[in-house]
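Remarks on the structure that follows.
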Amino acid sequence: MVDRNGWGGDRPVLTGSRRSPPPSFVEQANVTDSGIYDEFDANWPDCWERAADLLSWNRPYETVLEDENAPFYRWFTGGQLNAAENCVDRHLEAGRKTHTAIRWEGKHGDRKTYTYRDLYVAINEFAAALRELGVEEDDVVTIYLPMIPELPIAMLACARIGAPHSVVFAGLSADALATRMDAADSEFLVTCDGYYRRGDAFNQKSKADNARLKLAQDVRTVVVDRLGEDLPHVLGDEEFDYHGLREEFAGETVEPVPRDAEDMLFLMYTSGTTGEPKGVVHTTGGYLSHVAWTSHAVLDVKPEDTYWCAADIGWITGHSYIVYGPLALGTTTVMYEGTPDYPDRDRLWEIVDRNAVDIFYTAPTAIRAFMKWGEDYPDRHDLSSLRLLGSVGEPISPRPWNWYYEHVGNGECPVVDTWWQTETGAVTISTLPGIDEMKPGAAGPGLPGIDVRVVDESGEPVEPGESGYLTIARPWPGMVRTLYDGDDRFRAEYWDQFSAPDRGEWWYGSGDAARIDEDGYITVLGRVDDVINVSGRRLSTMEIESAITGVEGVAEAAVVGRSSGTNGTDIQAYVSTEGGYDDQGAVHEAIVDNIEAAIGPIARPTDVLFTPELPKTRSGKIMRRLLEDVANDEELGDTSALRNPEIVGEIQAEIREE
Ligand code: 6R9
């Protein structure tokens with residue numbers, strides 16, 4: 001087969017052996033009818049009523065999809081609903097007041113349980129307080145909180161009064177907070193004194209103060225006292241104590257404001273390929289329908305489950321699958337404040353065991369760490385309550401996939417590898433766990449109603465086995481509606497490249513490269529720019545990395561290009577190994593063999609550098625761009641957004657030694 005794009009369509013697909021969904025799972029799954037794909041196709045876009053039907057509407061919608069002004073699509077127009085009412089009030093009315101909504105697991109072993117009734121009280125009181133502080137419908141409220149219960153409470157309080165929230169990940173800097181508040185003209189901030197990081201009290205308030213100094217607008221700020229005596233703080237002008245406000249408004253209720261389906265529910269800033277972060281706008285009706293539907297159909301969430309998505313609410317995964325999706329379905333959602341290795345590397349399994357968690361959803365970066373630490377940690381605990389496992393955020397190659405399947409799932413839980421983005425709002429590519437065969441290394445087909453196409457540069461679909469650009473050829477309810485900074489940027493970022501407006505075709509460009517197989521399963525190869533050009537041959541970093549992580553003993557790998565005189569570009573690989581694999585020479589040899597077998601000698605790395613860890617963003621994605629700067633001995637950009645900035649210096653030192 002001709003490899004038109006240079007991502008290597010003529011090479012063997014690096015997927016492992018197929019697996020069927022375990023019968024014990026299928027028996028009880030929410031969605032088991034394989035006719036659902038055809039049904040959605042035949043009945044599109046009305047098929048999406050199935051998602052909207054999972055919600056309670058104050059006023060029924062009139063039109064499922066309005067597409068006259070594409071790519072500015074409108075879903076469920078004419079309908080009105082309130083997201084907080086859907087996530088909380090209606091479960092009380094259904095007689096489930098004492099059911100646990102949030103099970104919070106604190107870093108130091110402290111725990112809190114919020115029933116749906118407790119959550120209702122907290123949200124109402126805080127909504128009343130926000131109103132009193134002057135928050136009106138459509139005002140953007142910025143929330144800068146770590147993983148404490150006040151974070152979802154603040155989000156839902158905003159939703160209740162129709163004020164879009166903009167959550168900024170607590171680990172981002174004062175500058176990042178200021179940029180986002182400035183871009184959104186946000187005059188309200190909810191933050192805290194600080195939080196614990198690896199046992200130390202870490203000051204959040206001073207970052208918030210610094211951000212406020214940079215802003216032209218006045219900002220009214222609510223401060224949650226998280227650390228008490230451990231970090232005393234003083235409230236200044238226009239600053240209010242969260243707990244004081246709750247007491248002042250104790251027992252108050254606020255009627256949920258009916259919002260038009262297309263009214264903004266929240267803004268989420270995500271980094272663009274260039275400069276300024278993009279303010280992704282999500283709406284109330286379409287977003288909530290899509291997250292509820294995928295929580296039901298993909299994650300198989302049931303109200304009686306204890307469900308745990310081990311992400312941070314500061315990113316889209318936490319918005320959709322810790323807060324809105326699971327709460328809309330009335331389940332128990334676990335919220336974890338700490339890290340997987342504190343106090344020990346079995347911390348997550350201890351939480352699964354103690355809470356009898358049914359569904360566990362995490363990122364490949366965590367799964368690779370578990371694999372690196374070894375199976376003794378999960379083996380110490382009873383994980384038999386688990387029914388389904390999920391992965392999101394990066395490609396997961398077959399080895400970690402199989403490790404997760406076997407050592408966490410005991411071979412009895414389907415693994416859903418879910419591809420989606422801040423912009424898609426909710427899962428768009430995944431197997432349906434009660435129906436589809438799984439192929440480790442491939443996420444799966446587009447979900448029913450999601451028209452995924454892999455195309456070449458001119459927008460023509462590529463043949464099965466080939467790779468190209470990952471696009472979506474029809475709109476979907478959870479999609480980004482526009483960018484807060486402007487409609488023009490929205491078109492330019494996502495629509496201009498693959499759409500043919502004269503033919504009425506609007507194709508969403510995801511920015512990812514992918515391969516599609518004969519069954520329509522998608523293997524995501526990474527961002528489009530994660531491509532190295534070696535001697536005129538374009539190689540996907542992900543593909544080389546997948547060959548490296550296929551080697552026994554390798555935990556993680558990152559591959560970057562380094563300018564060189566001869567080839568133009570050399571390949572440099574950074575590798576971390578699992579415990580017990582100390583013979584780097586042997587691992588190195590196996591890596592080279594595997595790359596040559598999977599791709600060819602052209603992809604052989606010039607250097608393989610062993611490092612205890614790879615630099616990661618705070619959301620867990622490997623920072624290849626930074627490694628590229630290191631490899632090319634270029635000045636490093638800002639490393640403050642890294643989870644582990646110290647590792648970069650260690651890698652630099654190692655390179656200099658060589
Ligand atoms: C949900 C989330 C989006 C980017 C996306 C892609 C990568 C996410 C993936 C995956 C391969 C998966 N990505 N899920 N790659 N397989 N299952 O992570 O949103 O933070 O916006 O990142 O993450 O590159 O384009 P976001």
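Odds and ends about this structure:
- For first residues located in the stretch 489-511 and under 21 Å from residue 279 (Cβ atoms), partners that are open to solvent by less than 60 Å² (accessible area, probe 1.4 Å) and in a helix (DSSP H, G or I) and lie 6+ apart or on another chain with Cβ distances below 9 Å form the pairs 508/494; 509/493; 509/494; 510/494; 511/493; 511/494.
- Search result, residues across the stretch 505-539 that are small (Gly, Ala, Ser) and more than 12 Å from the ligand (Cβ to nearest atom): 520, 535, 536
- Residue check, residue 264 surrounded by fewer than 23 Cβ atoms within 10 Å (Cβ to Cβ), of a type in the set (A, V, I, L, M) and away from the ligand (no atom under 13 Å from the Cβ): yes
- Residue within the stretch 387-402 that is within 16 Å of the ligand (Cβ to nearest atom), assigned to a loop (DSSP other than H, G, I, E, B) and polar (S, T, N, Q) present: yes
- Some residue of the stretch 72-84 being free of Cβ contacts under 8 Å to residues at least 60 places away in the same chain and open to solvent by 10 Å² or more (accessible area, probe 1.4 Å): no
- Unmet requirement for residue 406, which otherwise passes all of (1) buried (at least 21 other Cβ atoms within 10 Å of the Cβ); (2) closer than 30 Å to residue 548 by Cβ: (1)
- Output for the stretch 588-616, where each listed residue is open to solvent by less than 30 Å² (accessible area, probe 1.4 Å) and of a type outside the set (A, V, I, L, M, F, W, C): 600, 605, 611, 615, 616
- Residues of the stretch 282-310 that turn out to be over 17 Å from residue 424 (Cα atoms) and in contact with a strand residue (DSSP E or B) (Cβ under 8 Å, 6 or more places away or on another chain), as a count: 8
- Count - residues of the stretch 349-370 that are in a helix (DSSP H, G or I), open to solvent by 10 Å² or more (accessible area, probe 1.4 Å) and modelled with pLDDT of 95 or more: 4
- Screening residue 457 with (1) open to solvent by 20 Å² or more (accessible area, probe 1.4 Å); (2) farther than 25 Å from residue 37 by Cα; (3) more than 13 Å from the ligand (Cβ to nearest atom); (4) touching a helix residue (DSSP H, G or I) at 6+ places or on another chain (Cβ under 7 Å) gives one miss only, at (4).
- Among (1) of a type in the set (D, E, K, R); (2) at pLDDT below 95; (3) crowded, with 19+ Cβ neighbours inside 10 Å; (4) closer than 27 Å to residue 285 by Cβ - the single one residue 93 does not satisfy: (3)
- Within the option set 317, 270, 253, being over 16 Å from the mean Cα position of the chain (by Cα) and either crowded, with 23+ Cβ neighbours inside 10 Å or touching a residue at least 40 places away in the same chain (Cβ under 8 Å) (or both) holds for one residue only, 253.
- Residues satisfying the stated conditions in the stretch 500-532, i.e. within 11 Å of residue 442 (Cβ to Cβ) and assigned to a loop (DSSP other than H, G, I, E, B): 517, 519, 520, 521
- Scan of the stretch 294-314 for residues that are within 16 Å of the ligand (Cβ to nearest atom) and open to solvent by 10 Å² or more (accessible area, probe 1.4 Å), ordered by number: 310, 311, 312
- Reported count of residues in the stretch 315-347, each being within 25 Å of residue 168 (Cα to Cα), away from the ligand (no atom under 16 Å from the Cβ) and in a helix (DSSP H, G or I), is 2.
- Out of 427, 416, 454, sole residue that is aliphatic (A, V, I, L, M) and in a loop (DSSP other than H, G, I, E, B): 427
- Conditions (1) outside any helix (DSSP H, G or I); (2) closer than 29 Å to residue 500 by Cα: number failed by residue 38: (1)
- Members of the stretch 320-340 found to be hydroxyl-bearing (Ser, Thr, Tyr) and either surrounded by fewer than 22 Cβ atoms within 10 Å (Cβ to Cβ) or in contact with an Asp or Glu (Cβ under 6 Å, 6 or more places away or on another chain) (or both), listed by number: 331, 336, 339
- Within the stretch 149-236, helices (runs of 4 or more DSSP H) holding 1 or more residues that are among the β-branched types (Val, Ile, Thr) and open to solvent by 30 Å² or more (accessible area, probe 1.4 Å): 174-183
- Failed criterion for residue 132 (all others in (1) open to solvent by 10 Å² or more (accessible area, probe 1.4 Å); (2) within 23 Å of the chain's Cα centre (by Cα) hold): (2)
- Candidates 253, 294 - the one that is in a loop (DSSP other than H, G, I, E, B) and either over 23 Å from residue 618 (Cα atoms) or touching an Asp or Glu at 6+ places or on another chain (Cβ under 9 Å) (or both): 253
- Residue in the stretch 412-431 that is in contact (Cβ under 8 Å) with a residue 40 or more places away in the chain, away from the ligand (no atom under 16 Å from the Cβ) and crowded, with 23+ Cβ neighbours inside 10 Å present: yes
- A single member of 115, 100 is surrounded by fewer than 23 Cβ atoms within 10 Å (Cβ to Cβ), of a type in the set (Val, Ile, Thr) and within 25 Å of the chain's Cα centre (by Cα), and it is 100.
- Residues being open to solvent by less than 80 Å² (accessible area, probe 1.4 Å) and either assigned to a helix (DSSP H, G or I) or under 17 Å from residue 570 (Cα atoms) (or both) - total across the stretch 629-658: 12
- Residues within the stretch 103-112 that are touching an Asp or Glu at 6+ places or on another chain (Cβ under 9 Å) and surrounded by 15 or more Cβ atoms within 10 Å (Cβ to Cβ), tallied: 4
The values are calculated or read from the model by the stated rules, or taken from the named source; none is laboratory data. These numbers come from a predicted model, not from an experiment. Quick reminder, even Gly has a Cβ in these numbers, built from the backbone with ideal geometry, and neighbours come from all protein chains shown. In case anyone asks, the SASA skips ligands and DNA or RNA and just uses the protein heavy atoms, side chains included. Shrake-Rupley method; radii C 1.70, N 1.55, O 1.52, S 1.80 Å.
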